[in-house]
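Nothing in this text is a laboratory measurement; each read-out follows from the coordinates by a stated rule. For clarity, every value in this text was computed on a predicted model and none was experimentally measured. All Cβ positions, even for glycine, are placed from backbone atoms using ideal geometry, and neighbour counts span all protein chains on display.
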Amino acid sequence: MAALTAARNTWHERTRMGDTLRVPMAADAVIYQGGMVCADADGYAVAAADTANYKVVGVACEDPQNPARSIYDNDGGDDGAMYVVMRCAGRFRFDYAAPLTGTPIDQDMMCAKAYVQDDQTVSVHRFDSVNDVRAGTVVRLPAMTLALDPQAEFDSDEIEIELGGEPFDYEGDASTTTTTTEQS
């Protein structure tokens, strides 16, 4: 699957209230509504990708101050010149791909870690991603859902994940860290 080139109607189920954030975007970033959003190494929002030092932070959603907006386009702008509104919690359905392993969707993927391929695609095998950018955890699969509810709007090539990127330990700028030693 290729990265988004237009807004995407991403299925979403809220898991708590107050789950939206406004996050400053990176210079030249373009983020589509319905696409996964990452923080880059400097903490600015970018479209999710399998890129080193990216951390998933949410899924771009409608801007209540500008409901007609479906694209957050900071092309030509500086870091922080524009903000993206995103949901940072909940369950979302994304396309599934296994570009290297070719593994089809199967029930044993339940509760597996999901990794970013691009802003609308996840995989469940670390071997299918270069940088292991974690998107969340698989919570529902199409076979299980469609067997119980044949009318469910669930594509056979999608998996549902509980959003939750990989947390990290903040180390800051090591050059400004000071250490004190106790004098005896």
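Couple of notes before you dig in:
- Our estimate of slack between F127 and D42, defined as 0.36 nm per intervening residue step minus the Cα-Cα distance, is 28.0 nm.
- Ranking A27, N74, T10 by how far each Cα lies toward the positive end of the dipole of segment 1-118 (charges on Cβ) leaves T10 at the top.
- Working note: Karplus 6.51/-1.76/1.60 with θ = phi - 60° gives segment 125-136 the couplings 10, 4, 5, 8, 10, 7, 10, 6, 7, 7, 9, x Hz, where Gly and Pro are set to x.
- Extension gain for S70-M110 works out to 11.2 nm (0.36 nm per residue, less the C-alpha to C-alpha distance).
- Look at where the Cα atoms of segment 40-61 and of segment 81-144 average out, and the two centres are 14 Å apart.
- Kirkwood radius and radius of gyration were both taken over the C-alpha atoms of segment 9-122, and their ratio Rg/Rh is 0.99.
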